[in-house]
Amino acid sequence: MSSDTDHIPSVMYDNTKAISYKKGRYFGKGGFAKCYEIIRDNDKQSFAGKIISKNLIVKQNQKEKMTQEIQIHSRLNHQHIVEFFGFFEDHDNIYIVLELCKRRSMMELYKRRQVITEPETRYYMNQIVSGVHYLHSHRIIHRDLKLGNLFLNDNVQVKIGDFGLAAKIEFDGERKRTLCGTPNYIAPEILSKQGHSFEVDIWSLGCIMYTLMVGRPPFETSSLKETYAKIKKCDYKFTIALSPTAKHMIMIMLQSDPSQRPKISKLSHHDFFKGYCPASLPVSCLTMAPRFDKLEVP
Ligand SMILES: CC[C@@H]1C(=O)N(C)c2cnc(-c3ccc[nH]3)nc2N1C1CCCC1
């Protein structure tokens, strides 16, 4: 609930770096945060600001989660991860300064297009897999990979964001037991509290690829309880014809047994990526299906 005690000033000061920002247009809510475009005064560069009222994070564990998100995100540096520019606070709020992704996220793309072509799916999955490979090689699990966290910049490049549920694997073989929050594409081992690790992100990637190519999430039903039952039984069907390699790639990611799912390093070599993959996509692809003249040689 948005309490009206939130006071978000029109000018925000980062006293540690002596930088000030002007508050721009409102983007919407992201968890506890109210999100705005913020414009840096000295060079007029625009950023995405995540502004969290201190009234909302009073409990110790909420403070710890906030610190964990900042601690994890601030150390990341990759072409397909949202850039983290810094954070600061004043009496009322905590401010997180992030890369502005002008084309918002793949959720908007999905809402406009419903389904996308195989070449487009290769283009997006290639970038998402590259970003997740970086995370896993730095022992970070994202744990909430979903279309709304896959941001798009003006060049239609994917940027993985929102590390609010992310965790660091501290030692080999560590299985996380708790997850405070509800991931959108939640893996079966989280539901059955078996302990979880990197494999949950592979499950989410399977859900993302299925949703992009079929036009709806694999386990969607009218109630959360029913959806969880389908996830536990791994009960999903392909209701439209996909190419054999696309179907195979989705199937190996959507396996109940986490140990059977491919590691992220293996995924990038899957046969699915051997088909035509555009080097870039025009912004028109966010609203209309493209026609690729380099169609696959039969
Ligand atoms: C700041 C939070 C979140 C985010 O993490 N990023 C990187 C982001 C970037 N550009 C945008 C952006 C919105 C409109 C143009 N760009 N939005 C971002 N969001 C949205 C804001 C509302 C929910 C999640």
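Bear in mind that the values in this text are calculations on the coordinates, not laboratory data. Since this is a predicted model, take the numbers as computed values, not measurements. With ideal geometry, Cβ positions are generated from the backbone for all residues, glycine too; neighbour counts draw on all protein chains shown.
Side notes on the structure shown:
- Residues that are closer than 17 Å to CYS285 by Cα and crowded, with 23+ Cβ neighbours inside 10 Å within segment 136-151 comprise LEU150, PHE151, listed in sequence order.
For every residue, the table says whether it meets (1) in contact with a Gly (Cβ under 6 Å, 6 or more places away or on another chain); (2) more than 16 Å from the ligand (Cβ to nearest atom); (3) over 30 Å from THR182 (Cβ atoms).
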{"position": "HIS7", "(1), (2), (3)": "no, yes, no"}
{"position": "SER10", "(1), (2), (3)": "no, yes, yes"}
{"position": "THR16", "(1), (2), (3)": "no, yes, yes"}
{"position": "TYR21", "(1), (2), (3)": "no, no, yes"}
{"position": "LYS29", "(1), (2), (3)": "no, no, no"}
{"position": "PHE32", "(1), (2), (3)": "no, no, no"}
{"position": "ASP43", "(1), (2), (3)": "no, yes, yes"}
{"position": "GLY49", "(1), (2), (3)": "no, no, no"}
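- Residues satisfying the stated conditions in segment 159-188, i.e. in contact with a Gly (Cβ under 7 Å, 6 or more places away or on another chain) and either aliphatic (A, V, I, L, M) or under 25 Å from GLN260 (Cβ atoms) (or both): ILE160, LEU165, ARG175, LYS176, ARG177
- Residue in segment 57-72 that is within 10 Å of the ligand (Cβ to nearest atom) and closer than 26 Å to TYR13 by Cβ present: no
- Evaluated against (1) over 29 Å from CYS285 (Cα atoms); (2) surrounded by fewer than 20 Cβ atoms within 10 Å (Cβ to Cβ); (3) within 16 Å of the ligand (Cβ to nearest atom); (4) among the small types (Gly, Ala, Ser), GLY173 falls short on exactly one condition, (3).
- In segment 202-226, the residues that are in contact with a helix residue (DSSP H, G or I) (Cβ under 6 Å, 6 or more places away or on another chain) and closer than 25 Å to ARG112 by Cα: LEU205, GLY206, MET209, TYR210, LEU212, MET213, PRO217, PRO218, PHE219, THR221
- Only residues that are surrounded by 14 or more Cβ atoms within 10 Å (Cβ to Cβ) and over 17 Å from ASP6 (Cβ atoms) were counted in segment 42-83, giving 16.
- Residue identified as in a loop (DSSP other than H, G, I, E, B) and loosely packed, with under 11 Cβ neighbours inside 10 Å among SER222, SER256: SER222
- Selection within segment 82-106 - closer than 30 Å to LEU212 by Cα and charged (D, E, K, R): GLU83, GLU99, LYS102, ARG103, ARG104
- Scanning segment 142-158 for residues that are closer than 23 Å to LEU179 by Cβ, near the ligand (Cβ under 9 Å from one of its atoms) and either assigned to a strand (DSSP E or B) or more than 8 Å from the chain's Cα centre (by Cα) (or both) yields a single hit, PHE151.
- Residue list for segment 227-253, restricted to those being part of a loop (DSSP other than H, G, I, E, B), hydroxyl-bearing (Ser, Thr, Tyr) and either free of Cβ contacts under 8 Å to residues at least 40 places away in the same chain or surrounded by 16 or more Cβ atoms within 10 Å (Cβ to Cβ) (or both): TYR236, THR239
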